[in-house]
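The values are calculated or read from the model by the stated rules, or taken from the named source; none is laboratory data. Bear in mind the structure is a predicted one, so any value in this text is a computation, not a measurement. Please note: Cβ atoms are built from the backbone with ideal geometry, for glycine as well, and neighbour counts cover all protein chains shown.
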Amino acid sequence: MQTKIGTAFMATLAAIALAAAPAAMRPASAEEATATAEHPDAKMVAEGKALYTHHCAHCHGFNMVNPGTVAYDLRQFPHDQKSRFVNSVTNGKNNRMPRWADLLSLEQIDLLWAYVETGGAQ
C-alpha cells in the first residue's frame, strides 16, 4: 500500500518525465487531439491519399470514385463516425472487406480517415 507521500512522489516523477519527453512521445492534449481530428492538415490528407491509393483504391476506386463494385462508396461515409471507420478498417467488414490491422498502424488508419473526410477532393 502506497503512502500519500509515495503517491505524491510518483505523480511528481511522472509529471517530470512527461515534461522532459520529446513532443512526439507526449500524449496529445484533448484540445490538440480534437483539432487534429476535426481539421486534418494538408500533409495528413496527402499521406492518407497515398495510403488509400496503395491499399484501398483497387476496391473503393481512385479518388474514392466507386467503380460500381460492392465496395462501400467512401464519399458517402458519415464524417461523424470515425470510430466506425477505424473499426471497419482494423477488423474488416463481413466477408467483403479484409482486416487491415496487421498491415496498417493506427497512425496510418488516422491518415486514411483524414483523406476519407475530404470525400476524395483535395
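List of remarks:
- ARG84 meets each of the listed conditions (1) closer than 19 Å to GLU47 by Cβ; (2) in a helix (DSSP H, G or I) apart from (1).
- Selection within region 87-108 - in a helix (DSSP H, G or I) and free of Cβ contacts under 8 Å to residues at least 24 places away in the same chain: ASN87, SER88, VAL89, THR90, ASN91, LEU106, GLU107
- Those residues of region 64-104 which are within 20 Å of THR118 (Cβ to Cβ), among the polar types (S, T, N, Q) and at pLDDT below 90, in sequence order: ASN66
- Test result for ARG84, under 22 Å from ALA121 (Cα atoms) and either buried (at least 16 other Cβ atoms within 10 Å of the Cβ) or in contact with a strand residue (DSSP E or B) (Cβ under 8 Å, 6 or more places away or on another chain) (or both): no
- Region 67-78 residues that are assigned by TED's automatic domain parsing to the domain that holds ALA57 and surrounded by 12 or more Cβ atoms within 10 Å (Cβ to Cβ), paired with ones that are among the basic types (Lys, Arg) and part of a helix (DSSP H, G or I) (beta carbon under 9 Å, 6 or more apart): PHE77/ARG84
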